Amino acid sequence: MSKPASAKQVEFALLVVMLMLASLSAFVMNVNANADEDELRTALQNAYLQIVVAEQRGANVSLVATKLDIALQLIDGAKNESPLERNESLTNAKLIINEASNSISSLISIGESTVLWSRIMLLSSVVLLGITLILVYVFVPKIFWRLWLKMKRNWRISAK
């Protein structure tokens, strides 16, 4: 059975409308992905600035920096991907950036406590060295002369 001409025209019109909607949705997804990419780059830049602060305060930021490098690679690689893969890559990058940003504050507190304890250890070492030098200065001559006198007390000086 053959379809009437008007039914074929309706099918063709529906097909054209569907193709236009698909193209429009791909365009909207692309525009949305570009906005997401810019937003992610801003978040990534802020996370890198937080890393600089954390490192200045004594934190070990190598793991977080590596994660952010992976996020940057995902964002850069998303340019050449299909819209679905691009959306997935940007979502993964967003998760990595959020995870890294959340861990930076704890790294800062750990770094500050590490710096504090290292300064305390350095100061206590200097104080202990100073006390040891004072004790050596005061007691070594006394100990030396006591031992000298004990070893030499039975010596007799004879005049010939």
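Annotations
- Scanning region 112-157 for residues that are under 60 Å from the mean Cα position of the chain (by Cα) and either at pLDDT below 90 or of a type in the set (S, T, N, Q) (or both) returns S113, T114, S118, S124, S125, T132.
- For region 114-134, the set of residues classified as surrounded by 12 or more Cβ atoms within 10 Å (Cβ to Cβ) and not aliphatic (A, V, I, L, M) consists of T114 only.
- Residues in region 80-97 that are closer than 15 Å to E39 by Cα and out of contact with any helix residue (DSSP H, G or I) (no Cβ under 8 Å at 6 or more places or on another chain) were compared, and the one that is surrounded by the fewest Cβ atoms within 10 Å (Cβ to Cβ) is L95.
The values are calculated or read from the model by the stated rules, or taken from the named source; none is laboratory data. Bear in mind that the values here come from a model prediction, so they are computed numbers and not experimental data. Because the Cβ atoms are built from the backbone with ideal geometry, glycine has one as well, and the counts that use them run over all protein chains shown.
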